[in-house]
Amino acid sequence: MQVRFRLPSGLEIVGLPTKNFYGGFWDLGPTWNYAVFADSPFLMDTGRFGQGHKLIELLDFSGISAKEFEFVLISHGHEDHDGGLSEVLQHCNIKVKAHAIYERIIKLYPDHAPRGYKERFPAKCWQCNMPESFYTEHCLDYHQALQHIQIEGIADGENKIMSGVTTWHLPGHTPDSLVVMINEEAIIVGDVLLPGISPIPTRIAQFNDVSSILCPEYTDPETIFGLQCYIRSLKKLRELATQCPDLIVFPGHRLYYNEQWNHINLSARVNELLEHHVQRCGSIIDILKESPMTDSQIASKHFEQKLLRGVGRFMAANEIGSHCELLLSSGDITVADDGKYHLTGKLNFETFIDSIPVA
Ligand SMILES: [Zn+2]
Ligand SMILES: [Zn+2]
């Protein structure tokens, strides 16, 4: 499948879905990559490792030569978005743009890596939740292929990368997430906002692993990691939606899913996601009324059993961990030396979430 969209200005965006590996109950659906025919045509994302050639085939089938692109822009450093990058570059030697943090975290730093198996992996893996068995089986070849790619780093905040095309650095799902606005008519949001599923936030604690290679530029973990940071980014999306109320939203997954097209109303979807996080904080508080628990223990009570199978267990614990970090900041819980969270008797989280400023 490939889908051609013509914006009111006449500019064309072609949606190119590629197969995604993660199935089961945490299924995201295919990765949606996009060809954007702006003044300088570019490709946004490349699908997962092994899908780069498929993407080239899809482009050929649409009558588009990948050599027409001036560059490829990476929305964020997750394998389902940049995995196909090395294959695309083998086919056409174009420039690569991504957030400046992406350029740092795809590289190996043997002197800075945590001891053990992670020494063989780049910085972006030092803060991944998956176990060694998963990494070693799925990720080594992919990371090696990215080592020698030259990246043109895009700075924080708002950046006009050509006439009518602006990027915003909206971290939280990953530290390097970018969204791209085109002609104030469309916005490609990557995994910052998805229909039907809430993007997994990072945890502030993940900053510690990579701080040695991100400092001195980034000293405050909460500016690039964690749920609070993610909520700031969501609020920025809502602000953009208020400025441009008719934006067509192109997500990194589920533009088309379960035989239906997902039309996204950006500010309504931001509000749903904010409400989802408020609800989840409320559920955690309710679970902790039973007794103090660790994030994994809370996860096993909060999520259905089918969501805790295989790697689901790690995703669930991460999800709870990021909410517990927010509840620690709001003063509603404390954490003991054994990693168990205790209630403080306060219920500040809702006002706390409301008062998080816009990114
Ligand atoms: Zn994704
Ligand atoms: Zn992602």
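Condition first: surrounded by fewer than 16 Cβ atoms within 10 Å (Cβ to Cβ) and at pLDDT below 95. Can you find one or more residues in segment 92-105 that meet it? Yes.
Yes or no, residue by residue, for (1) among the small types (Gly, Ala, Ser); (2) within 27 Å of Ile224 (Cβ to Cβ):
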{"site": "Glu290", "(1), (2)": "no, no"}
{"site": "Ala299", "(1), (2)": "yes, yes"}
{"site": "Glu319", "(1), (2)": "no, yes"}
{"site": "His323", "(1), (2)": "no, yes"}
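For every residue, the table says whether it meets (1) buried (at least 18 other Cβ atoms within 10 Å of the Cβ); (2) farther than 21 Å from Asn262 by Cα.
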| residue | (1), (2) |
| --- | --- |
| Phe5 | no, no |
| Ser9 | no, yes |
| Asp27 | no, no |
| Pro30 | yes, no |
| Gln51 | yes, yes |
| Leu55 | yes, yes |
| Gly63 | no, yes |
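Selection within segment 314-338: residues that are modelled with pLDDT under 95 and small (Gly, Ala, Ser). The member of this set that is nearest to Met293 (Cα to Cα) is Ala317.
Of Lys118, Lys124, which residue is more than 16 Å from ligand 2 (Cβ to nearest atom), assigned to a helix (DSSP H, G or I), modelled with pLDDT under 95 and surrounded by 15 or more Cβ atoms within 10 Å (Cβ to Cβ)? Even if it seems obvious, please write down each step before you answer.
Numbers: Lys124 fails: more than 16 Å from ligand 2 (Cβ to nearest atom).
From the options Lys118, Lys124, the qualifying one is Lys118.
Residues are listed down the side, and each one gets a yes or a no for (1) touching a residue at least 40 places away in the same chain (Cβ under 8 Å); (2) over 14 Å from the mean Cα position of the chain (by Cα); (3) assigned by TED's automatic domain parsing to the domain that holds Gly29:
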residue	(1), (2), (3)
Thr166	no, yes, yes
Ala186	yes, yes, yes
Val192	yes, no, yes
Val249	yes, yes, yes
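Looking only at residues in segment 65-82 that are assigned to a helix (DSSP H, G or I) and within 16 Å of ligand 1 (Cβ to nearest atom), the one that is surrounded by the most Cβ atoms within 10 Å (Cβ to Cβ) is Asp82. The residues listed here are Thr223, Thr202; of these, the one that is more than 15 Å from ligand 2 (Cβ to nearest atom), under 17 Å from His169 (Cα atoms) and in contact with a Cys (Cβ under 9 Å, 6 or more places away or on another chain) is Thr223. Which numbered condition in (1) buried (at least 24 other Cβ atoms within 10 Å of the Cβ); (2) more than 21 Å from Ile106 (Cα to Cα); (3) within 16 Å of ligand 1 (Cβ to nearest atom) is the only one that Ile187 fails? Unmet condition: (3). Summed over segment 1-29, the residues that are part of a loop (DSSP other than H, G, I, E, B), over 24 Å from the mean Cα position of the chain (by Cα) and touching a residue at least 40 places away in the same chain (Cβ under 8 Å) give a count of 4. Is it the case, given these coordinates, that His91 is within 16 Å of ligand 1 (Cβ to nearest atom) and assigned by TED's automatic domain parsing to the domain that holds Leu193? When the stated conditions are applied, His91 does not pass them.
When the residues of segment 44-71 are filtered to those that are farther than 17 Å from Asp191 by Cβ and aliphatic (A, V, I, L, M), the one that is farthest from ligand 2 (Cβ to nearest atom) is Ile64.
Scanning segment 174-191 for residues that are out of contact with any helix residue (DSSP H, G or I) (no Cβ under 6 Å at 6 or more places or on another chain) and part of a loop (DSSP other than H, G, I, E, B) returns Thr174, Ser177, Asn183, Glu184, Glu185, Asp191. Just wondering, is there one or more residues in segment 153-165 that are assigned to a helix (DSSP H, G or I) and either surrounded by fewer than 19 Cβ atoms within 10 Å (Cβ to Cβ) or within 16 Å of ligand 2 (Cβ to nearest atom) (or both)? No, segment 153-165 contains no residue that is assigned to a helix (DSSP H, G or I) and either surrounded by fewer than 19 Cβ atoms within 10 Å (Cβ to Cβ) or within 16 Å of ligand 2 (Cβ to nearest atom) (or both).
The values are calculated or read from the model by the stated rules, or taken from the named source; none is laboratory data. Treat the numbers as computed from the prediction; the structure is a model and nothing was measured. Using ideal geometry, Cβ is built from the backbone for each residue, glycine included, and neighbour counts are taken over all protein chains shown.
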